[in-house]
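A.B. asks: Right, I'll just put the structure down here and ask away after.
The values are calculated or read from the model by the stated rules, or taken from the named source; none is laboratory data. Predicted model only: the values in this text are computed from it and were never measured. All Cβ positions, even for glycine, are placed from backbone atoms using ideal geometry, and neighbour counts span all protein chains on display. We work out accessible area using only protein heavy atoms, side chains counted, and drop any ligands, DNA or RNA first. Shrake-Rupley method; radii C 1.70, N 1.55, O 1.52, S 1.80 Å.
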Amino acid sequence: MVGTSDAVTHDVCSNGLIHHSNESVEEKLDELRRLMGKTEGDPLRIVGVGAGAWGSVFAAMLQDSYGHFREQVQIRIWRRPGRSVDRATAEHLFEVINSREDVLRRLIRRCAYLKYVEARLGDRTLYADELLKDGFCINMIDTPLCPLKVVTNLQEAVWDADIVVNGLPSTETRVVFEEISRYWKERVTMPVIISLSKGVEAELEPEPRIITPTQIINRATGVPNENILYLGGPNIASEIYNNEYANARICGSEKWRKPLAKFLRQPHFIVWDNGDLVTHEVMGGLKNVYAIGAGMVAALTNESATSKSVYFAHCTSEMIFITHLLAEEPERLAGPLLADTYVTLLKGRNAWYGQKLAKGELTLEMGDSIKGKGMIQGVSAVKAFFELLSHSSLSILHPEENKPIAPVELCPILKMLYRILIIREFPPQAILQALRDETMNDPRDRIAIAQTHAFYRPSLLGQKF
């Protein structure tokens with residue numbers, strides 16, 4: 001009951017831990033509904049935009065937690081229609097279905113099993129949106145989700161949404177939200193937007209700066225910055241849905257981040273809140289850059305622990321150097337950035353992509369949207385950070401040579417990734433040449449340079465001096 005303060009619920013996680021909560025799920029929902037001005041009979045409308053792995057899992061987690069309160073909340077997800085599923089994927093999906101008795105029974109009960117049999121035999125074509133309705137994300141077939149309410153018409157999905165969750169790659173965010181803005185012109189109140197996207201873009205005129213997905217959304221829609229938040233953390237989508245313990249931060253205005261952190265928090269998914277939105281968002285994009293290189297090194301050295309540790313030392317020193325350019329108090333970012341980098345290097349799609357490139361199983365000509373994985377956002381991030389840190393207006397004084405240089409000159413791994421992935425001057429094997437360059441500075445020296453010199457450039461994140 002709403003209003004009781006002494007009721008305690010006990011939730012058991014899949015790993016056996018007991019989570020004690022002083023608030024029931026319904027109380028958390030009622031609290032957010034009140035904050036958003038919802039009245040009885042008017043459901044809170046939450047819409048996911050984009051159905052990649054993380055966007056689909058996020059919607060499914062909300063559906064699992066709150067979907068049974070049908071009068072109080074409505075949870076939907078939008079994805080583009082028309083993407084067909086090839087027979088090999090259909091065959092694999094059929095194996096997944098038959099290996100999970102709960103999924104098999106659910107499909108039979110919903111009279112949906114036969115179409116998967118027909119697709120397995122090649123007698124029917126399945127589409128990604130109908131799979132999602134049955135709880136299968138095309139980028140994460142091995143992890144069945146709960147059934148979702150899927151909408152393929154963007155206007156229908158978002159026009160009356162109270163909360164919009166951006167699950168799109170950064171490269172697609174602008175065009176989709178520019179379309180969305182046309183459907184919001186008559187709105188009296190603006191929605192709250194939670195962005196999950198970790199990519200970045202570089203804007204070089206009138207002065208160099210990084211553009212993040214939340215800034216893109218603000219420009220495209222006119223939704224005030226107060227209503228736009230970023231959620232990120234060291235997470236693998238499939239593991240989160242399987243109730244592996246995880247944590248994340250939701251960053252943005254205090255008005256929304258604190259109640260949303262409480263609303264999103266689950267026994268196995270702890271959500272903290274933080275006011276530094278743009279910096280956390282940029283760090284989410286930065287780790288994707290170096291994850292690609294980590295995958296290359298792992299593949300080229302047959303998973304050599306020594307070689308991977310050498311790479312890790314160099315890439316983390318470059319990231320620390322870059323954070324000193326972007327943040328006034330970069331030490332506050334060290335823990336979250338390293339944690340996110342660590343999990344991405346272990347199991348993220350960007351590291352996987354680097355491995356496949358190095359092994360020759362993928363080529364750059366295939367593009368950075370990969371079947372079964374989705375968008376590899378680290379590729380565009382390499383281009384953005386290289387272009388930004390190469391700009392002549394950002395020159396810094398080299399501490400040893402006492403001459404002005406572009407910041408990128410102190411980031412040899414970033415430079416080599418740009419030459420491999422963007423201008424395609426070298427093959428993936430060149431990443432090892434960069435590591436073995438005898439002229440490369442000790443990673444410790446790069447960190448010392450960053451810590452002892454005033455490199456901070458507030459303008460890079462659009463902030464004033």
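A.B. asks: Measure off, as a whole percent, the carbon and sulfur share of the 1.4 Å-probe accessible area of the chain, all protein chains present.
C.D. replies: On the way: 10190 of 20980 Å².
Here carbon and sulfur together make up 49 percent of the probe-accessible area.
A.B. asks: What FRET efficiency would be calculated for the residue pair T363, T125, taking the C-beta separation as r and a Förster radius of 25 Å, to the nearest 0.05? Each step should come with its number before you reach the end.
C.D. replies: Working: r = 27 Å, r/R0 = 1.09.
FRET efficiency, T363 to T125: 0.35.
A.B. asks: Using modelled amide H (1.01 Å from N, peptide plane; none on Pro or chain starts), what sits under 5 Å from the amide H of A202, excluding residues fewer than 5 places away?
C.D. replies: Long-range HN contacts for A202: I211.
A.B. asks: From the backbone phi of the stretch 40-56, what are the Karplus-calculated ³J(HN,Hα) couplings (6.51 cos²θ - 1.76 cosθ + 1.60, θ = phi - 60°) in whole Hz, Gly and Pro given as x?
C.D. replies: The phi angles translate into 4, x, 10, x, 6, 9, 10, 10, x, 10, x, 10, x, 4, 5, x, 5 Hz.
A.B. asks: Counting other Cβ atoms within 10 Å, keep those with at most 13, restrict to DSSP loop, and tell me which trypsin sites (Lys or Arg not before Pro) in the stretch 334-408 are left.
C.D. replies: Details: sites: K347, R349, K356, K359, K371, K373, K383; in loops: K371, K373.
Filter output for the stretch 334-408: K371.
A.B. asks: Now, a different point. What list of ³J(HN,Hα) values in whole Hz, one per residue of the stretch 182-195 in order, does the Karplus curve 6.51 cos²θ - 1.76 cosθ + 1.60 (θ = phi - 60°) give from phi, with Gly and Pro shown as x?
C.D. replies: In residue order, the calculated couplings are 5, 8, 9, 4, 8, 5, 7, 10, 8, x, 9, 10, 10, 9 Hz.
A.B. asks: Another question, then. Please arrange I211, I320 by accessible surface area, largest first, computed with a 1.4 Å probe and ligands excluded.
C.D. replies: Sorted descending by solvent-accessible area, the residues read I320, I211.
A.B. asks: Continuing with the same structure: Give or take rounding to whole Å, what are the principal axis extents of the alpha carbon atoms in the chain, in descending order?
C.D. replies: Largest to smallest, the principal-axis extents are 70, 52, 46 Å.
A.B. asks: Let me ask you something else. Which residues make up the longest stretch of the chain that has no GluC sites (Glu not before Pro) in a DSSP loop with at most 16 other Cβ atoms within 10 Å? Walk me through the numbers before you get to the answer.
C.D. replies: On the way: sites that count: E40, E71, E186, E244, E303, E328, E361, E400, E401, E425, E438.
That would be 72-185.
A.B. asks: Before anything else, pin down the relative contact order of the stretch 150-309: Cα pairs under 8 Å, at least 6 apart, normalised by residue count, whole percent.
C.D. replies: Numbers: 228 pairs, mean separation 27.5, N = 160.
Normalised by residue count, the contact order of the stretch 150-309 is 17 percent.
A.B. asks: Over the chain, give the accessible area per residue in Å² for a 1.4 Å probe, as an integer.
C.D. replies: Details: 20980 Å² over 465 residues.
In whole numbers, the chain has 45 Å² accessible per residue.
A.B. asks: Under 5 Å between amide hydrogens, which residues at least 5 positions from I193 or on another chain qualify, with H placed 1.01 Å from N in the peptide plane?
C.D. replies: V164, I228, L229
A.B. asks: How large is ³J(HN,Hα) for each residue in the stretch 137-143, as worked out from phi by the Karplus curve 6.51 cos²θ - 1.76 cosθ + 1.60 (θ = phi - 60°), to whole Hz, x for Gly and Pro?
C.D. replies: 8, 4, 8, 8, 4, 6, 10
A.B. asks: Enumerate the amide H contacts of V73 below 5 Å, restricted to partners 5 or more residues apart or on another chain; note that Pro and chain-start residues carry no placed amide H.
C.D. replies: Amide H neighbours of V73, under 5 Å, 5+ apart: L44.
A.B. asks: Explain nothing, just the number: relative contact order of the stretch 325-418, from Cα pairs under 8 Å at least 6 residues apart, as a whole percent.
C.D. replies: Values: 55 pairs, mean separation 14.8, N = 94.
Taking the mean separation of contacting Cα pairs over the length of the stretch 325-418, I get 16 percent.
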